[in-house]
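Have a look at the structure below, then the notes.
The values are calculated or read from the model by the stated rules, or taken from the named source; none is laboratory data. These numbers come from a predicted model, not from an experiment. For neighbour counting, all protein chains shown are included, and Cβ atoms are generated from backbone atoms with ideal geometry for every residue, glycine included. For the accessible areas, the whole protein counts, side chains as well, though only heavy atoms, and no ligand, DNA or RNA atoms are used. Shrake-Rupley method; radii C 1.70, N 1.55, O 1.52, S 1.80 Å.
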Amino acid sequence: MTYLDHAATTPLRDTAREAWIEASRQLGNPSSLHAAGRRARAIVEDARERIAAAVGADAPEVILTSGGTEADNLAVKGLHWGRAAQDPARRRLIVSSVEHHAVLDPARWLAHRRDAELIEIGVDPAGVLDLDALDTALDHEASAVSVMWANNEVGAVQPLADVVALAAAHGVPVHADAVQALPYLDVHLHRSGLDAVTVSAHKVGGPVGVGALVARRGLPLEPLAHGGGQQRSVRSGTLDAPGAAAFATAVDDAVAERASERARVERLRTHLVEGLRSRVPEATVTGPLDAARRLPGIVHCVIPGARAESVLFLLDAAGVAASSGSACTAGVVQSSHVAMAMGWSPEDAACTLRLSLGRTTAEADVATVLAALPDAVARARAASGL
Ligand code: PLP
């Protein structure tokens, strides 16, 4: 199979699998006081330190979670409620309109089911945040800002230094979802000036179901899960020692090979984009042109008339695993909220294709998808009467 869906999930690293198996041999609840519990606890704390070092934070700042979704929910709801508890005038939550649903949906829930005022900041046609609109939305009534480090559909990297500077002027904490950025960009909490960052293990070759919210000490963060008081009561629940160990190993490896992988994947991407432009001229490759402003591993395009589910089905039949980049319900791809935020019509936003490259991608995979695409696109367009 030609696997071009690394933005959805990445193959588990052998090193991470071994770390998981090794840690799973240790009996004991990491919160128990006996020797077995203390050994399990040592595994978690060693992992926490390694994850912290990899993302430029201190170990107590790493709040382990069940993945990126939980960390995003904790950031959005926890920061909004936490800041509002300090200052009840702060009811306005600000997010970008191209956030992953793990940010967008809790933010909309707070607006519809609780008393938050929500502002979704738009993006330009390349998917980059409108900083002027952000500036206008920020004042002493803002509770929190969440803008992703890099977008999972089109790969646009957001101007976070500007976001941080604008928010700081109004005392507003900033969270960034760095789930897609972690494999390729220098995700460093302290250097970034951000207050909280979401990371997830399975996008860097770790297991699914492990992630972290890396949050500066002293941040007002209301817990969502109450219980045994683990992790300073911000996130209760028995600690997952094998998951933490595997995550730490995966992120260590990802950071060690980050620079070389970025260059290698960028070269593959260049070949893929060149091939796409010559073989499927009706496709428009989206996202920023400047390589510094986008992820190296994502090629996202709009192919008018070629509905995503048809193209994906035909590519799958040719042995290529790809994605539309957006959600799918009952086998039908929904119009991408990211593509629409970038100005595409709902019809075109249902005709997206995301090919995401990664650690296991080779030139042969690029050649395979380029050979399969023209026919898949022609048949998908014919199916819709074009
Ligand atoms: N945020 C982004 C940008 C993602 O791409 C994903 C996964 O697709 C998530 C959050 C959710 O992470 P998880 O699958 O670990 O819950």
Give the relative contact order (percent, whole number) for the chain; include only Cα pairs under 8 Å separated by 6+ residues. 23 percent
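What is the antiparallel percent of DSSP beta bridges lying wholly in the range 14-256, to the nearest 5?
Values: 11 of 25 bridges.
Roughly 45 percent of the beta bridges in the range 14-256 run antiparallel, per DSSP.
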Which residues qualify? For Ile298, with a placed amide H closer than 5 Å and at least 5 residues away or on another chain, they are Leu357
I want to check the label-to-label distance for Asp115 and His190. Put each point 7 Å from Cα in the C-beta direction and report it in nm to one decimal. 3.9 nm
Taking H placed 1.01 Å from N in the peptide plane, check which residues at least 5 places from Thr361 or on another chain put their amide H under 5 Å from its amide H. none
Work out from phi, with θ = phi - 60° and the Karplus expression 6.51 cos²θ - 1.76 cosθ + 1.60, the ³J(HN,Hα) of each residue of the range 218-223, listed in order in whole Hz, and give x for Gly and Pro. x, 5, x, 10, 7, x
Kindly provide the Kirkwood hydrodynamic radius of the range 334-386 in Å, to one decimal, from all pairs of distinct alpha carbon atoms. 13.0 Å
Carbon and sulfur atoms: what percent of the 1.4 Å accessible area of the chain do they account for? 54 percent
Dipole axis of the chain (+1 Lys, Arg; -1 Asp, Glu on Cβ), positive-most option in Gly211, Ala42, Leu131: Ala42
Return the whole-Å distance between the Cα centroid of the range 25-89 and the Cα centroid of the range 261-330. 35 Å
May I ask what percent, to the nearest 5, of DSSP beta bridges between residues of the range 138-242 are antiparallel? 55 percent
Alpha carbon centroid spacing (whole Å) that separates the range 207-237 from the range 154-202: 18 Å
Say we join alpha carbon atoms closer than 10 Å with springs in a Gaussian network model of the chain; which of Ile63, Ile119, Ile21 then has the biggest fluctuation? Ile21
Each residue of the range 86-99 in order: what ³J(HN,Hα) in whole Hz does its phi give by Karplus 6.51 cos²θ - 1.76 cosθ + 1.60, θ = phi - 60°, with x for Gly and Pro? 6, 8, x, 6, 8, 10, 9, 9, 10, 9, 7, 7, 10, 4
Could you pull out every residue, at least 5 positions away or on a different chain, whose amide H is within less than 5 Å of the one on Ser96? Hs are placed 1.01 Å off N in the peptide plane, and Pro or chain starts have none. Ile121, Ser146, Met148
Can you tell me the alpha carbon radius of gyration of the chain divided by the globular rule-of-thumb value 2.2 N^0.38 Å? 1.00
Phi angles of the range 275-282, converted by Karplus (6.51 cos²θ - 1.76 cosθ + 1.60, θ = phi - 60°) into ³J(HN,Hα) in whole Hz with x for Gly and Pro, give x, 5, 5, 7, 8, 10, x, 6
Given Cβ point charges of +1 (Lys, Arg) and -1 (Asp, Glu) and nothing else, what value in debye, to the nearest 20, does the dipole of the range 14-256 about its Cα centre take? 1020 debye
Show me the ranking of peptides 72-82, 279-289, 257-267 by mean Cβ neighbours inside 10 Å, starting with the highest. 72-82, 279-289, 257-267
What is the spin-label model distance, in nm, from Ala327 to His271 if the labels are put 7 Å beyond Cα along the C-beta direction? 3.7 nm
